[in-house]
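Undergrad: Can you keep this structure in mind? I'll have questions shortly.
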Amino acid sequence: MMWTAGEKAIGGRAKLPEEAKAQGAPPHWLAYVTVPDTEAVVERTKARGGSVLMPPTTMEEVGTFAVLRDPQGAVFTPFTPAGGPGGEVEAAEVGQFSWHELYTTDSEAAFEFYSEVFGWEKTDSMDMGENGIYQMFGPESAEGFTYGGMMNKPAEMPGPPHWLYYIRVPDIEAAASAVKELGGQVFMGPMEVPGGDMIAMCMDPQGGAFAVHAKAAGGEG
């Protein structure tokens, strides 16, 4: 099943494969990174210490994707659309994914890996004390645009290194209440982050982790 936000396709859902369950994978979100050549990304990943969980697979009239794991253990997916990558990098609107956050065991090594695999560049950064530097990153082709951030995973955070995806909402309190009313959990927040935006980290009834994000009053979009 595919999901849309307005007229824009933003993702879909599928049953967790049995082979993934056998490897201990919990229900989770998996983001697709649009690239010109999925096979080339696979080769760069292997050359830099990552691993291939699913080799390049082509879906007719859709595109080619692969499921990969970075050297610290976080899973990600490169995707080459059938018509080739295109379009401008745009800020997320309500209902779309607005931030992409990596929790890892070695944020400096992780940034080096993703920089070499995807060409991502450093943008701003923040000192997180015991958890080190929160390094934000963006695409090489869009100066000043930020995709998300990377940081060392806090000791109290369960599970292996992973990506956490934020969905933009109009009202953080309403979104957090809806999560709980629908059988999910809010395990952090709602809380304000630097810049005045509001976030909450959540888990759906099946155990998939995600986060919601509301722009500060007077923020863009």
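The values are calculated or read from the model by the stated rules, or taken from the named source; none is laboratory data. Bear in mind that the values here come from a model prediction, so they are computed numbers and not experimental data. So basically every Cβ, Gly included, is an ideal-geometry build from the backbone, and we count neighbours across all protein chains shown.
Undergrad: Could you please give the count of residues in the range 58-68 that are part of a strand (DSSP E or B) and over 14 Å from E19 (Cβ atoms)?
TA: 7
Undergrad: Scan M136, M191 and give me the residue that is without any contact (Cβ under 8 Å) to a residue 24 or more places away in the chain, over 15 Å from the mean Cα position of the chain (by Cα) and not in a loop (DSSP other than H, G, I, E, B).
TA: Being without any contact (Cβ under 8 Å) to a residue 24 or more places away in the chain, over 15 Å from the mean Cα position of the chain (by Cα) and not in a loop (DSSP other than H, G, I, E, B) holds for just one of M136, M191, which is M191.
Undergrad: Still on this model: Which ones in the range 96-147 are among the polar types (S, T, N, Q) and touching a His at 6+ places or on another chain (Cβ under 6 Å)?
TA: Across the range 96-147, the qualifying residue is only S98.
Undergrad: Please verify whether L68 is at pLDDT below 95, under 15 Å from the mean Cα position of the chain (by Cα) and among the aliphatic types (A, V, I, L, M), treating the condition exactly as stated.
TA: no
Undergrad: How many residues does the range 4-19 contain that are in contact with a strand residue (DSSP E or B) (Cβ under 8 Å, 6 or more places away or on another chain) and either modelled with pLDDT under 80 or more than 21 Å from C202 (Cα to Cα) (or both)? Walk me through it before giving the result.
TA: Start the filter on the range 4-19 by keeping residues that are in contact with a strand residue (DSSP E or B) (Cβ under 8 Å, 6 or more places away or on another chain), which leaves 4, 9-13.
Among the residues that remain, those that are also either modelled with pLDDT under 80 or more than 21 Å from C202 (Cα to Cα) (or both) are: 9.
Summing the residues that are in contact with a strand residue (DSSP E or B) (Cβ under 8 Å, 6 or more places away or on another chain) and either modelled with pLDDT under 80 or more than 21 Å from C202 (Cα to Cα) (or both) in the range 4-19 gives 1.
Undergrad: Go through (1) surrounded by 11 or more Cβ atoms within 10 Å (Cβ to Cβ); (2) within 23 Å of R13 (Cβ to Cβ); (3) modelled with pLDDT of 95 or more for E181 and report which single condition fails.
TA: (1)
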